[in-house]
Amino acid sequence: MTSRRRTLGRLGAAAAALGLLVAAAPAWAVDDASIDHSEFSGDTLKLLVSVPGDVEIDYKSVTVNVSGSPVDASAEPATNSTEIQRTTVLAIDTSNSMAGDRISEAKKAALTYLDTVPDNVRIGIVTFDNDVQVRQEPSLDRDASKQVIDDLALHQNTALYDGVAKAIDATGAGDGQRQVLVLSDGKDNTKASLDPVIEKIKKSKVNVDV
């Protein structure tokens, strides 16, 4: 898997037009960069841009063109800025089918994520089995998050759809970049329907990774 590095960019309002192009030395960034999130603040458009993580970026060299014309812009590592709030909620399957190596690997993955995610990303934790519970509201307290992960216990059933829906709610009311990471081994075995949670994902504009 290619690592990605997020960059925060600030552009004048004219950048809302079609034909936005972000460039940086070296030129590969034009082709390999992807815009993960955008939002307006006053007359400024803020962007989160991901680029490959194995190449150094000269942030002072970043330029932006709109329909072929340059606009005022600046860039900095997203890890150094809180101008765009970033929130991730871990939705973890704690059903009995996760017993043994599965829950061990899920915990390991969650703890690895907590160790590597930037310090300014808020982390929440939702678990789902027969019940769906918000174990931790989005927080910067990594020690508290790790304790929640360490203390996870298994129960019956897999309310997967309700778990994803609750995790989306836990990301907040729409400020900043929001995502849900789902750690599960199987399918929903409750009477919940898939269609409502799909519609909720679309309306919320939360990125959901499984």
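The values are calculated or read from the model by the stated rules, or taken from the named source; none is laboratory data. These numbers were taken from a predicted model, which means no experiment stands behind them. Every residue, glycine among them, receives a Cβ derived from its backbone with ideal geometry; neighbour counts consider all protein chains shown. In case anyone asks, the SASA skips ligands and DNA or RNA and just uses the protein heavy atoms, side chains included. Shrake-Rupley method; radii C 1.70, N 1.55, O 1.52, S 1.80 Å.
Which residue is farthest from L154 (Cα to Cα), if the candidates are limited to the stretch 94-123 and must be open to solvent by 40 Å² or more (accessible area, probe 1.4 Å) and among the polar types (S, T, N, Q)?
In this case the residue turns out to be T116.
So A170 fits all but one of (1) open to solvent by less than 50 Å² (accessible area, probe 1.4 Å); (2) among the small types (G, A, S); (3) more than 18 Å from the chain's Cα centre (by Cα); what number is the exception?
So the condition that A170 fails would be (3).
Residue-wise test of (1) within 21 Å of V117 (Cβ to Cβ); (2) of a type in the set (K, R); (3) free of Cβ contacts under 8 Å to residues at least 40 places away in the same chain; (4) touching a Phe, Trp or Tyr at 6+ places or on another chain (Cβ under 9 Å).
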| site | (1), (2), (3), (4) |
| --- | --- |
| D32 | no, no, yes, no |
| L48 | yes, no, no, no |
| V51 | yes, no, no, yes |
| D58 | no, no, yes, no |
| S74 | no, no, no, yes |
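Being of a type in the set (A, V, I, L, M, F, W, C) and not in a strand (DSSP E or B) is the filter; apply it to the stretch 47-103 and report the residue that is farthest from A144 (Cα to Cα).
Of everything passing the filter in the stretch 47-103, V62 is farthest from A144 (Cα to Cα).
Examine the stretch 184-194 for a residue that is open to solvent by less than 50 Å² (accessible area, probe 1.4 Å) and touching an Asp or Glu at 6+ places or on another chain (Cβ under 6 Å), and state whether such a residue exists.
Yes: one or more hits.
I'm trying to understand the selection: among the residues of the stretch 76-115, which are within 13 Å of the chain's Cα centre (by Cα) and without any contact (Cβ under 8 Å) to a residue 40 or more places away in the chain?
Matches in the stretch 76-115: L114 only.
Scan the stretch 52-70 residue by residue and report those that are surrounded by 14 or more Cβ atoms within 10 Å (Cβ to Cβ) and touching a Lys or Arg at 6+ places or on another chain (Cβ under 9 Å).
Those that are surrounded by 14 or more Cβ atoms within 10 Å (Cβ to Cβ) and touching a Lys or Arg at 6+ places or on another chain (Cβ under 9 Å): P52, I57.
Please specify each residue of the stretch 137-187 satisfying the condition of being over 23 Å from S97 (Cα atoms), touching a helix residue (DSSP H, G or I) at 6+ places or on another chain (Cβ under 9 Å) and part of a loop (DSSP other than H, G, I, E, B).
Correct list: T171, G174.
Please go through the stretch 148-183 and give me each residue that is closer than 21 Å to L114 by Cα and free of Cβ contacts under 8 Å to residues at least 40 places away in the same chain, ordered by number.
V148, D151, D169
So how many residues does the stretch 73-93 have that are over 26 Å from E56 (Cβ atoms) and open to solvent by less than 10 Å² (accessible area, probe 1.4 Å)?
The total comes to 6.
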